[in-house]
Amino acid sequence: MRFDLTDMRLFLTVVERGSLTQGAQAMHLALASVSERIAGMEAALGAPLLERNRRGVQATPAGTVLVRHARAILEQVEQMRGELRPYATGLKGRIRLLSNTAALAAFLPPHVSRFLACYPDLSIDLDERPSAEIVPALAEGRADLGIVADIADLGSLQTHLLVQDQLVVVANRSHRVSGGACVAFAEILDEPFVGLSDAALETHLAERASRLGRQLQYRIQMRSLDNVGMLVEAGIGIAILSQASADTLRRPGLVILPLSEPWAARRLHLCARDFAALTPHAHLLAEHLMESAAPRES
């Protein structure tokens, strides 16, 4: 039985995403290649590793055992790389970073850009997830660092405040809410929405709407913030975004109003299971993000 590191990373990704297709996309592999690799692992082991169902896939009992060992092995590999760093001519490695929508839309890009420019031998595996999913992923060692909103329970993690984040409503200037100072979430739930497709923010908003026994009605969901702004300006619907994201929509036909609920005023935290136990390269990124955010905390 021989599994290489790529096999183990691939298998973990598929299990964590609950889908062969999403696992293939995350690993930048063809779906056929992913299926072939996992089939080869199952043949080598002599037991099925995944159970297929209508919702996707989940680990079998044998797969669950493999998940546990694969995580331990990959973590040891990262620790080994860190310990060998003093003997290398350059710092090489990958950092696993999870981020919620707000940080990924506005805070992270410039800081990550400067970091990667400073360390050309380092790479970052960046994945967008809801804050509630990032916390257990960090606790279980499935990522090095995460940026989450304080709506999640952060008790199991070490945290560092990065930036304030306010959720806002973006509407056409002729919309009925445009003249107010702020907007109540319940007041706009019957409105048509323009959303960001596959964005963790939409998951959070759907959960808030469900608490009121309601559901957001999306006319369309776009992958680009600019396209969201264009459609809102055209009167197709309204959008809920982070303040930082909304500030990038420089369109004269838009108005931006804060949501009035307390839960809409959030703080973004950099989190880790244990900052002292990070790999050297993950520690470098953590320090870079903390230093970059320091002026914003005053």
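The values are calculated or read from the model by the stated rules, or taken from the named source; none is laboratory data. Note that the structure is predicted; figures quoted are calculated from it, not measured. We place every Cβ from the backbone using ideal geometry, glycine too, and count neighbours over all the protein chains shown.
Mind checking which residues of segment 36-47 are surrounded by 15 or more Cβ atoms within 10 Å (Cβ to Cβ) and either under 25 Å from ARG129 (Cα atoms) or free of Cβ contacts under 8 Å to residues at least 24 places away in the same chain (or both)?
Step one: of segment 36-47, the residues surrounded by 15 or more Cβ atoms within 10 Å (Cβ to Cβ) are 37-38, 41-42, 45.
ILE38, GLU42, listed by residue number.
Which one of these is farther than 30 Å from ASP125 by Cβ and of a type outside the set (Lys, Arg): ALA234, ALA244, ALA282?
Numbers: ALA244 fails: farther than 30 Å from ASP125 by Cβ; ALA282 fails: farther than 30 Å from ASP125 by Cβ.
Within the list ALA234, ALA244, ALA282, the selection yields ALA234.
Does LEU138 fit the bill of being buried (at least 20 other Cβ atoms within 10 Å of the Cβ), touching a Gly at 6+ places or on another chain (Cβ under 6 Å) and either of a type in the set (Phe, Trp, Tyr) or not in a strand (DSSP E or B) (or both)?
Numbers: buried (at least 20 other Cβ atoms within 10 Å of the Cβ): yes; touching a Gly at 6+ places or on another chain (Cβ under 6 Å): yes; either of a type in the set (Phe, Trp, Tyr) or not in a strand (DSSP E or B) (or both): yes.
When the stated conditions are applied, LEU138 passes them.
Restricting attention to segment 249-298, and to residues there that are in contact with a Ser or Thr (Cβ under 6 Å, 6 or more places away or on another chain) and among the hydrophobic types (A, V, I, L, M, F, W, C), which single residue is farthest from CYS118 (Cα to Cα)?
From segment 249-298, those in contact with a Ser or Thr (Cβ under 6 Å, 6 or more places away or on another chain) are 255, 269, 271; that's our starting set.
Remaining after also requiring among the hydrophobic types (A, V, I, L, M, F, W, C): 255, 271.
Working: VAL255: 38, CYS271: 22 Å.
Looking at the filtered set, the residue picked out is VAL255.
Among residues of segment 178-197 that are farther than 13 Å from VAL168 by Cα, those with a beta-carbon under 6 Å from a residue that is outside any strand (DSSP E or B) and β-branched (Val, Ile, Thr) at least six positions away or on a different chain give the pairs VAL194/VAL228; VAL194/VAL232; VAL194/ILE236.
A search for C-beta distances below 7 Å between a residue of segment 59-70 that is assigned to a helix (DSSP H, G or I) and any residue that is among the β-branched types (Val, Ile, Thr), counting only pairs 6+ apart in sequence or on different chains, returns GLY63/VAL15; VAL67/VAL15. Listed conditions (1) more than 18 Å from the chain's Cα centre (by Cα); (2) assigned by TED's automatic domain parsing to the domain that holds ASP150 are all met by ALA234, apart from (2). Only one of the numbered conditions (1) at pLDDT below 95; (2) in contact with a strand residue (DSSP E or B) (Cβ under 8 Å, 6 or more places away or on another chain); (3) surrounded by fewer than 18 Cβ atoms within 10 Å (Cβ to Cβ) is violated by PRO258, and that is (1).
If only one of VAL170, VAL148 is within 30 Å of GLY237 (Cβ to Cβ) and outside the structural domain of SER292 (by TED's automatic domain parsing), which one is it? I'd like the intermediate steps shown before the answer.
Details: VAL148 fails: outside the structural domain of SER292 (by TED's automatic domain parsing).
Only one candidate passes the filter, namely VAL170.
Could you tell me which residue of segment 78-97 is farthest from the chain's Cα centre (by Cα), considering only residues that are at pLDDT 85 or above and farther than 22 Å from SER19 by Cα? Only one residue fits best here, namely ARG94.
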